[in-house]
Amino acid sequence: MAETPGTQTGTETGSAAGADAPAMDPSFFSQLLPFDPFDPAFHADPYAVYHKIREQGPVVRTPAGLVVLTGHAECSAVLRDARFGWGDGATVAEHFSQAPDGTTVRPFLFMDPPDHTRVRGLVSQAFAARRVDRMRARAHELVTELIEAARAEAGDGPLDLMSAVAHPLPAMLLGELLGVPPERYERFRTLSDDIAHGLDPSFFLTPEEVARRDNARAELGEYFAGLAEERRAAPADDLVSELVAAEEAGDRLGGHELLVTLTLLLSAGYATTVNLIGNGMLALLQHPEQRAWLRANPEGVAGAVEEMLRYDAPTQMISRTALEDAELAGSPIAAGEQVMLMLGAASRDPQVYDDPDALVLSRQSTRNLGFGLGAHFCVGAPMARLTAQVAVSALSALDLELETTTPARAPYIIMRGLKELPVRVASGG
């Protein structure tokens, strides 16, 4: 799904930091990053920090040697340039797994061509427009059921849009796409959350968070191994059956590679869509004039979701490694250097967007980087867009009021999202 992993140091200092970072000398992070990753103010509003970094120029180097990009043009150029890829840095390698025969398997998100091209071509077939479009009516049914159930349970009290709609809707739709039975959805939500948080480099995480990430991957892999065996014996009209068939038809996916791919599709797709819905609805409720525009122009929901994605994207930053010598905005980049693409900053670049800090749902965000660009453009973007459009359409039709203007944010670095989004439904709304 959407690319999510971020900083890799490529140094012994970075990889040795391991999971002890929260107890480390803060100077480590001040040398590595151009922002304080543990500052609550940064999590509340990273965009003010991005603007200050942008003032230093299109290419900024931190004292530890990390190359930081905040401009739309520079980020777009790197995403399209084959001279930049994932490489084999320590922070990327922590997402690899070992197959039973001892070979190392990389999730396709972390692959470089030609392996990435091979696996992505297979997975992309499952997200073809025809398959996604077939799920639109089902998405409308599910969101209606979820809203009705949440309102009945809340009564006259507040309800949490994250637990009522933003979490369960993507889980249900991805579950149906993959062929996972409904009784597994709740558990998969928990496992996907643990994996999404674990996409932050391990030196930002506690040992417990690293363990939860690794255990979640193992549990999902074990489950999908069993489901794949079932689909070999009795194929169904789902993604697992398609990928199993492709694996047996040729050499495109090995057995362990299949399990890693399915785990990635579920966890990354779930986290990205949950946070797109949550961030988008918070932005909408904080801007009554934009909510009024959407209610008056419901046919504009697709463009509105693109603007929400630009305004407060789930994926705030990703990294690349220079695979050979290159140049960015006149600055030489040596092979092996690490580059941080601050997509959240690029999406508010004043060189590209008029009044970039304003939410304007009628804006034509045609150069949106929220789902990436180039070879690694989010393979699940059509599904994420459909899910968010259906959720936003249904929720914007209600008379919702925020319970708080500052709902709690999840303290993640790469993914930006909410812990909760409490609202009240006005009487008759």
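Computed from the coordinates by the stated procedures, all read-outs in this text should not be read as laboratory data. Keep in mind that what you see is a predicted model, and the values were worked out from it rather than measured. Positions of Cβ are generated from backbone atoms using ideal geometry, with glycine treated the same way; all protein chains shown enter the neighbour counts.
A compact table of results
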quantity	calculated
Fewest-first ranking of Thr103, Thr206, Thr315, using other Cβ atoms within 10 Å as the exposure measure	Thr103, Thr206, Thr315
Interchain or long-range residues, amide H under 5 Å from Ile333's placed H	Ala326, Glu327, Leu328
Total charge dipole magnitude, the chain, about the Cα centre, Cβ charges on Lys, Arg, Asp, Glu only, Debye to nearest 20	860
Segment Glu145-Arg232, extension gain: residue separation times 0.36 nm, minus the distance between their alpha carbons	28.0 nm
Within the range 67-218: Cβ-based charge dipole about Cα centre, in debye rounded to nearest 20 (Lys, Arg +1; Asp, Glu -1)	700
Options His197, Leu109, Gln364, ranked by Cα towards positive dipole end of the range 12-425, top entry (Cβ charges)	Gln364
Contour minus Cα-Cα distance for Ala48 and Gln98 (0.36 nm per residue)	13.9 nm
In Hz, Karplus ³J(HN,Hα) per residue of the range 47-63 (6.51, -1.76, 1.60; θ = phi - 60°; x = Gly, Pro)	5, 5, 5, 4, 4, 5, 5, 4, 5, 7, x, x, 10, 10, 10, 7, x
Cβ-based exposure ranking for Glu148, Glu403, in which fewest neighbours within 10 Å come first	Glu148, Glu403
GNM top mover of His256, His72, His95 - the chain, alpha-carbon springs below 10 Å	His256
Whole-number percent relative contact order across the chain, with pairs defined as alpha carbons under 8 Å at least 6 apart	28
Over the chain: helical MRE at 222 nm, DSSP H runs n ≥ 4 each giving -39500 (n - 2.57), nearest 500	-15000 deg cm²/dmol
Among Arg348, Arg310, Arg409, residue whose mean-square fluctuation peaks in a GNM of the chain (springs only between Cα atoms under 10 Å)	Arg409
Whether the range 154-278 is rounded, prolate or oblate, judged on the alpha carbon gyration tensor where a/c under 1.5 counts as rounded	oblate
